[in-house]
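Accompanying notes for the structure given below.
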Amino acid sequence: MVDSGGLWTPPEDELGEALQTAQVLIEEGRADEAGPYQQRVIELARERAEGSPNHYEAKHLMAATQYELAGSLNASGRHEEALAALHEAQLGYTELQDAGVLDATSFLADIRARRAMTQAHRGHGATAVLEMDGAVIAYGQLVGGADGLKHQPDFARVLAMNALILRRYGDPALAVASADAATQLFLQLADQINESPQSLSYARYLCTATAVSADVHAAEGRLDLALEADEIGLTTADTLADSDSATDMRTLVAALVRKGKHLGIVGRLEGEACLRTAYDTDGETAVRVVEELDRGLPLTLVAALENAEIKLGPFEQYHRLLALSEPAPGMTLATVSGRTDPESAAVRATELAELVRPLLMQDAEAGLTLGLEAHYLFAISSERESHRMRYETSTYVPIWAQLLLDISEAYYQAGRTEMALDLGGWCAEVATALIPFTDDNPTMKDLAGSCYRHHGDLLAAAGDLTASHHAHEAAQQLQLGR
């Protein structure tokens with residue numbers, strides 16, 4: 001829901017009516033229908049802001065509605081437009097913060113979280129993991145601050161979103177830690193949340209968290225914990241299904257399927273009744289959830305390291321890398337950045353990267369798992385501006401670039417073109433950091449050029465010929481020394 005932050009009061013006019021209609025649709029789980037109303041709010045607020053450069057109330061309304069519009073665009077499958085709306089929201093909130101009229105920390109964290117979900121919808125899972133990591137860290141700091149109690153429900157919400165993305169594109173062990181933390185926090189805050197105008201939205205995120213918890217606990221053989229999560233999720237989804245939202249009904253069907261499958265594993269006959277009800281209610285959704293469960297989960301970091309030791313033989317860094325599965329001092333292990341400090345992250349990423357190329361030839365799944373984990377650690381070390389990534393660029397960045405080149409190509413060969421393109425974009429971005437070292441280092445020049453060309457090839461395969469041309473042109477200019 002659009003949050004005014006205390007800057008404005010909704011007016012009693014066309015703008016106010018459009019805003020109210022959009023908010024009602026979102027709360028009813030019909031976000032895909034809210035877009036036209038949100039666009040009208042933005043249009044009217046922009047007219048007011050243009051008449052007065054210091055009309056901060058209108059500017060805040062524009063930023064808040066751009067954020068909500070992104071959610072509606074995502075619900076309609078218009079993910080590129082959603083990213084553009086989030087960019088506008090970020091610019092608006094940053095302007096308000098720079099003007100000293102608003103502490104935009106939570107708003108900017110929410111933008112990162114929604115951008116992460118948008119990237120996940122596009123299949124750009126590596127970017128999604130890192131964006132959501134930043135959102136979780138930001139909310140963790142807010143919860144630890146003076147107004148921590150106020151931010152707790154949204155911290156739970158972001159943890160649930162983080163769990164969903166990690167379940168798809170990261171380590172399931174991190175995903176379940178995030179999901180369990182979200183579920184526990186939602187239950188602790190139940191009274192506060194039930195009195196909130198956003199109670200239905202929070203309930204939907206609770207269902208997200210319990211679904212991830214159930215999936216991972218069941219996959220790891222912890223059926224008692226899986227069924228406990230199933231029960232919470234099903235009870236919540238059943239309440240939500242009283243709405244007219246098709247989305248909420250699909251959530252209920254998914255919860256019935258999960259519980260039915262897990263009851264079947266432990267030999268309880270009532271599982272058949274859950275599955276039968278699910279198929280009778282929405283057979284298409286039930287089939288989709290069953291297929292998702294049957295596909296299983298990605299490898300955990302621990303499992304990938306164990307596979308690497310089997311395939312490659314014992315390696316010296318095994319126990320140091322295994323320690324990444326435990327939280328760093330002062331951290332809770334629900335994010336990749338919780339694995340280690342930013343300085344050590346570059347070193348551990350390098351050690352992981354050494355394993356990736358030989359492992360890809362023998363166990364592609366394990367190789368890609370370790371490759372992604374290495375990329376996440378490099379990216380976190382870079383974003384946190386560690387000494388190693390800032391002042392030892394010529395040592396670490398070439399390793400990062402080559403890693404991205406290898407795993408992006410491997411994803412492409414495996415037919416996972418969205419992930420390949422996502423990592424190819426990172427590859428080209430990292431290659432840019434190599435440019436200062438290319439004049440007197442042919443190896444650096446060849447590596448940077450390979451990154452640009454690879455990205456260009458992927459863009460061409462995706463049909464973006466203009467961007468592909470620019471990427472190949474950059475590679476050629478680099479080779480010519482221009």
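The values are calculated or read from the model by the stated rules, or taken from the named source; none is laboratory data. The shown structure was predicted, so the numbers you read here are calculated from the model rather than taken from an experiment. FYI the Cβ positions are ideal-geometry reconstructions off the backbone, even for glycines, and counts take in every protein chain you see. Ligands, DNA and RNA are stripped out before the accessible areas are found, and what is left, the full protein with its side chains, is counted by its heavy atoms. Shrake-Rupley method; radii C 1.70, N 1.55, O 1.52, S 1.80 Å.
Restricting the stretch 417-440 to residues that are in a loop (DSSP other than H, G, I, E, B) and touching a residue at least 12 places away in the same chain (Cβ under 8 Å) leaves a set whose member that is farthest from Tyr452 (Cα to Cα) is Asp439. Give me the residue from the stretch 433-471 that is among the polar types (S, T, N, Q) and surrounded by fewer than 19 Cβ atoms within 10 Å (Cβ to Cβ) and, out of that set, farthest from Leu405 (Cα to Cα). Among them, the one singled out is Thr466. Among the residues of the stretch 323-342, are any open to solvent by 60 Å² or more (accessible area, probe 1.4 Å), part of a loop (DSSP other than H, G, I, E, B) and among the aliphatic types (A, V, I, L, M)? For the stretch 323-342, residues open to solvent by 60 Å² or more (accessible area, probe 1.4 Å), part of a loop (DSSP other than H, G, I, E, B) and among the aliphatic types (A, V, I, L, M): present.
Of all residues being more than 22 Å from Met249 (Cβ to Cβ) and among the aliphatic types (A, V, I, L, M) in the stretch 281-302, which is surrounded by the most Cβ atoms within 10 Å (Cβ to Cβ)? Just the residue, please. Only one residue fits best here, namely Leu301. In this structure, Ala160 does not qualify as closer than 30 Å to Ala366 by Cβ, of a type outside the set (Lys, Arg) and open to solvent by 10 Å² or more (accessible area, probe 1.4 Å). Total residues in the stretch 364-400 satisfying the condition of being of a type in the set (D, E, K, R), at pLDDT 95 or above and open to solvent by 20 Å² or more (accessible area, probe 1.4 Å): the figure is 1.
The residue of the stretch 183-214 that is surrounded by the fewest Cβ atoms within 10 Å (Cβ to Cβ), among those that are within 22 Å of the chain's Cα centre (by Cα) and among the polar types (S, T, N, Q), is Gln184. For the stretch 346-372, what are the residues that are closer than 15 Å to Ser325 by Cβ, of a type outside the set (D, E, K, R) and without any contact (Cβ under 8 Å) to a residue 40 or more places away in the chain? Listed by number, the list holds a single entry, Leu352.
Among the residues of the stretch 132-155, the one identified as under 29 Å from Ala462 (Cα atoms) and surrounded by fewer than 24 Cβ atoms within 10 Å (Cβ to Cβ) is Gly134. Residues of the stretch 291-313 include none that is over 30 Å from Glu385 (Cβ atoms) and of a type in the set (Ser, Thr, Tyr).
Just one of (1) free of Cβ contacts under 8 Å to residues at least 60 places away in the same chain; (2) of a type in the set (Val, Ile, Thr); (3) farther than 19 Å from Leu185 by Cβ; (4) surrounded by 22 or more Cβ atoms within 10 Å (Cβ to Cβ) trips up Thr94, so point out which. All conditions are met except number (4). Might you let me know whether the stretch 242-255 holds any residue that is open to solvent by less than 10 Å² (accessible area, probe 1.4 Å) and either closer than 20 Å to Ile26 by Cβ or hydroxyl-bearing (Ser, Thr, Tyr) (or both)? Yes; the residues of the stretch 242-255 include at least one that is open to solvent by less than 10 Å² (accessible area, probe 1.4 Å) and either closer than 20 Å to Ile26 by Cβ or hydroxyl-bearing (Ser, Thr, Tyr) (or both). Restricting the first member to the stretch 322-345 and to residues that are in contact (Cβ under 8 Å) with a residue 24 or more places away in the chain, and the second to residues that are part of a helix (DSSP H, G or I) and of a type in the set (Asp, Glu), the beta-carbon pairs closer than 7 Å and six or more apart or on different chains are Thr335/Asp133; Val336/Asp133; Ser337/Asp133. Every condition in (1) of a type outside the set (D, E, K, R); (2) at pLDDT 80 or above; (3) in a helix (DSSP H, G or I) is met by Gly77 except one, and the failing one is (3). Report whether or not Ser408 is touching a Gly at 6+ places or on another chain (Cβ under 6 Å) and either closer than 18 Å to His124 by Cβ or open to solvent by 10 Å² or more (accessible area, probe 1.4 Å) (or both). Judged against the criteria, Ser408 is a match. Evaluate the stretch 71-85: report whether one residue or more is under 25 Å from the mean Cα position of the chain (by Cα), buried (at least 22 other Cβ atoms within 10 Å of the Cβ) and polar (S, T, N, Q). Yes, the stretch 71-85 has at least one match. Within the stretch 256-274, the set of residues being of a type outside the set (D, E, K, R) and open to solvent by 40 Å² or more (accessible area, probe 1.4 Å) comprises Gly264, Ile265, Val266, Gly267, Leu269, Ala273.
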